[in-house]
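Asker: Questions regarding the structure given below will be posed in turn.
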Amino acid sequence: MPFDVHGALLVAVVAGVTALIRFLPFVVFGGGRPTPKFVVYLAGVLPCAIMAMLVVYCLRGVDLLGPTHGLPELLAGAAVVGLHLWKKNTLLSIAVGTALYMVLVQAVFV
């Protein structure tokens, strides 16, 4: 198989940009200087804002007047919230909620 220069350059550019993105915060905020207040503020509010956007994105297509009336989404969402409040494990909550939703839409609410 001939050597693909274009592919190799593409991989090199992607690797370089990824490394730059990973190391840039250490270069900008490193050196023992205090972290700027706006960065600390963003670190506190962005996780909640991102989760809220994900919830809106996931529920935007729910048809409340359809045959299931949004019940699978409601049950899976309640399972995620309840499991997260109980176990405090985000990955477990999302995985169980996704699995429950898939079972509900493919086997229960057919």
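Here, each number is a calculation from the coordinates, and none is a lab measurement. Computed from a predicted model, the values in this text were never measured in an experiment. Backbone-built Cβ (ideal geometry, glycine too); neighbour counts: all protein chains shown.
Asker: Which loop chymotrypsin sites (Phe, Trp or Tyr not before Pro) in the range 1-86, with loop taken from DSSP, have no more than 13 other Cβ atoms within 10 angstrom of their Cβ?
Answerer: Answer in residue order: F3.
Asker: Now a separate question. Go through the range 33-110 and name the trypsin sites (Lys or Arg not before Pro) that are in a DSSP coil and have 12 or fewer other Cβ atoms within 10 Å of their Cβ.
Answerer: R60, K88
Asker: Let me ask something else about it. At 24 angstrom or more along the helix axis (alpha-carbon based) and mean Kyte-Doolittle of -1.0 or higher, what helices does the chain contain? Whole DSSP H runs only.
Answerer: Both cut-offs are met by 5-29, 37-59.
Asker: Picking from P72, P25, P36, which is most flexible by a Gaussian network model of the chain using Cα springs under 10 Å?
Answerer: With Cα springs under 10 Å in the chain, the top fluctuation among P72, P25, P36 is at P25.
Asker: Can you tell me the FRET efficiency between R60 and L20 if r is taken as the Cβ-Cβ distance and R0 is 30 Å, rounded to the nearest 0.05?
Answerer: After rounding to 0.05, the efficiency reads 0.30.
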